[in-house]
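Have a look at the structure below before the remarks.
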Amino acid sequence: MKSVLIIGTGKFGKSLALKMAELGNEVMVVDKEENEVRDISEYVTSAQVADCMDENVLRSLGINNFDICFVCIGDNFQSSLEITSLLKDNGAKYVVSKADRDIHAKFLLRNGADEVIFPEKDMAQRAAYRFSANHMFDYIQLSQDYSICEIETPENWVGKTIAQVNVRSNYNVNVLAYKENGKIYPLSNPNYIFKENTHLIISGAWKDVEKLNK
């Protein structure tokens, strides 16, 4: 469990807060819009109406008590930049700031952000990879070249074991798990027999995953 501060309750901030709370974290949200705070207050540990551009407000929150501080302001880059800087100046341990453009990310990193995220860009790239490939059901990019994907079990693998297919040597990917009836089961046994109507969670370079799908 972590202690988390989320500043800004737009679509991304609100979704982040709800999921972080659902995962058992202590979540405090702050926004200057009372209606936004009211809508989410019953689902998080604490919710406060305040303007975090005011350094005194930030200090009153006990910034150094939070494991992570998220700056989720998307419609006012200047505010995002200043709040990021103020958080670090007042002892924030780790600051994650939302950006919409690469130039924004550069300024946020220069002003104290430990990490910058691009929710819209990341989702667009994930969707592009997923829907560009045949028989792919999910996609997570771990680096520029490396990814984890959910695919349909190849027809010519059905009835054979991982060892018989020799997946790693022949296809240059790793089978991490299989998915059946919506549940994921980790795989470490080379004697697992591939089955029809089962999805596989695999990892590897995108070019190898794409080649396998084809």
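The values are calculated or read from the model by the stated rules, or taken from the named source; none is laboratory data. Model, not experiment: these values are computed from the prediction. Don't worry about glycine lacking a Cβ; one is built from the backbone with ideal geometry, like all the others, and counts go over all protein chains shown.
From the list 42, 34, the lone residue that is at pLDDT below 90, among the charged types (D, E, K, R), over 23 Å from the mean Cα position of the chain (by Cα) and surrounded by fewer than 20 Cβ atoms within 10 Å (Cβ to Cβ) is 34. Of all residues in the range 15-63, those satisfying the criterion of being under 18 Å from residue 2 (Cβ atoms) and polar (S, T, N, Q) are 15, 25, 45, 46. Taking every residue in the range 36-60 that is without any contact (Cβ under 8 Å) to a residue 60 or more places away in the chain and pairing it with any residue that is charged (D, E, K, R) and loosely packed, with under 15 Cβ neighbours inside 10 Å, at least 6 positions away or on another chain, the pairs with Cβ-Cβ distances below 6 Å are 49/34.
Selection of first residues in the range 157-168 that are in the same structural domain as residue 191 (by TED's automatic domain parsing) and of second residues that are modelled with pLDDT under 95 and part of a strand (DSSP E or B), restricted to Cβ pairs under 8 Å at least 6 apart or on distinct chains, gives the following pairs, ordered by first then second residue: 159/193; 160/193; 161/193; 162/175; 167/174; 167/175; 168/174. Restricting attention to the range 159-191 and to residues that are assigned to a loop (DSSP other than H, G, I, E, B) and more than 30 Å from the chain's Cα centre (by Cα), the residue that is modelled with the lowest pLDDT turns out to be 190.
Within the range 61-70, the residues that satisfy the criterion of being touching a residue at least 60 places away in the same chain (Cβ under 8 Å) and surrounded by 15 or more Cβ atoms within 10 Å (Cβ to Cβ) are 66, 68, 69, 70. Taking the stated definitions as given, is residue 66 of a type in the set (Phe, Trp, Tyr), under 20 Å from the mean Cα position of the chain (by Cα) and under 24 Å from residue 99 (Cβ atoms)? Yes: the conditions hold for residue 66.
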